[in-house]
1. Name, by its number, the condition in (1) more than 30 Å from TYR97 (Cα to Cα); (2) at pLDDT below 95 that does not hold for MET184.
2. Against the conditions (1) part of a loop (DSSP other than H, G, I, E, B); (2) surrounded by 11 or more Cβ atoms within 10 Å (Cβ to Cβ), where does HIS69 fall short? Just the number, please.
3. Are there any helices (runs of 4 or more DSSP H) wholly within region 91-172 with 3 or more residues that are in the same structural domain as THR17 (by TED's automatic domain parsing) and at pLDDT below 90, and if so which?
4. Within the bounds of region 190-208, is there any residue that is within 21 Å of the chain's Cα centre (by Cα) and within 30 Å of LYS15 (Cβ to Cβ)?
5. Output the residues belonging to region 38-48 that are surrounded by 10 or more Cβ atoms within 10 Å (Cβ to Cβ) and over 11 Å from TYR85 (Cα atoms).
Amino acid sequence: GHRGVDSTGETTYKKTTSSALKGAIQLGITHTVGSLSTKPERDVLMQDFYVVESIFFPSEGSNLTPAHHYNDFRFKTYAPVAFRYFRELFGIRPDDYLVSAAAAPLPGPGNLNQNPRTLLPKFYGLYCVQAGGKNIRIVVMNNLLPRSVRMHLKYDLKGSTYKRRASPKERDKAFPTFKDLDFMQDLPDGLFLDADMYNALCKTLQRDCLVLQSFKIMDYSLLVAIHS
C-alpha cells in the first residue's frame, strides 16, 4: 500500500512523513481559507465546481507563502467557493474550520437545502498535496459520530447478508464495526424508535437514496451507532 514507516520510525504516506503532510495541509488550508475571505460571498454557480486553485510552497517562502521546514510542495484546492458555500450551509465558521484542520464526489446543493435532515456525509473541502512527485488527495468531512457520547456498538448495514459478517480481525479491534448478519444476531428484534422518529428516519433515508441514485452511486451503507 501507500503507507509505510521510515528509518526513524515515523509513519509515511507515499514516502511523505506524516508530520510533513500535516504541516502541508495546515499551511495550504490556512492560505486558501484566508484568500477566500477577500472574495465576496455570492450564490454558488455550476462553474465553481470546476475551479482548481494551485499554489507552490517553497521551503524558503515566497511573496505569497511563508517559509517552512518541510520539502517544497504544491497545494491544490478544488472548488474553493463551492466548498465555502457548503461550510456556511453546515454552520462551519472559517476560524473553527482552521482550528479543526490544524488538529488533524459531492452531494448536490439542492438536496442540502431541501433536505436539511440528510444523513449523507457532509464534505467540507477537497485538496491535493503534491510532494516528492506524488499526489496525496485529502477530503475533509464531518465526524459521523458525536465525540461527547460514548458509543457501545457500531454497525455498517447494506441491507444484504452475503459476506456481511465482521471478520475476526475486525472483532479484535477496541471499537469494531459489525455488519448485517451481526446486527441480526445481536438485535433480532431490531431497534425500537417512537413513531415520529421512525417516520422521519424512513423519509430521510428514502430521499438520500434518491440522491445517490441520481448520481448513479450504488455502493453505500448506513452507519448505525448505539449508546446503551
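The values are calculated or read from the model by the stated rules, or taken from the named source; none is laboratory data. Source: prediction; values computed, not measured. So basically every Cβ, Gly included, is an ideal-geometry build from the backbone, and we count neighbours across all protein chains shown.
1. Checking MET184 against (1) more than 30 Å from TYR97 (Cα to Cα); (2) at pLDDT below 95, the one that fails is (2).
2. (2)
3. Filter on region 91-172 gives 94-103, 109-114.
4. no
5. LYS39, GLN47
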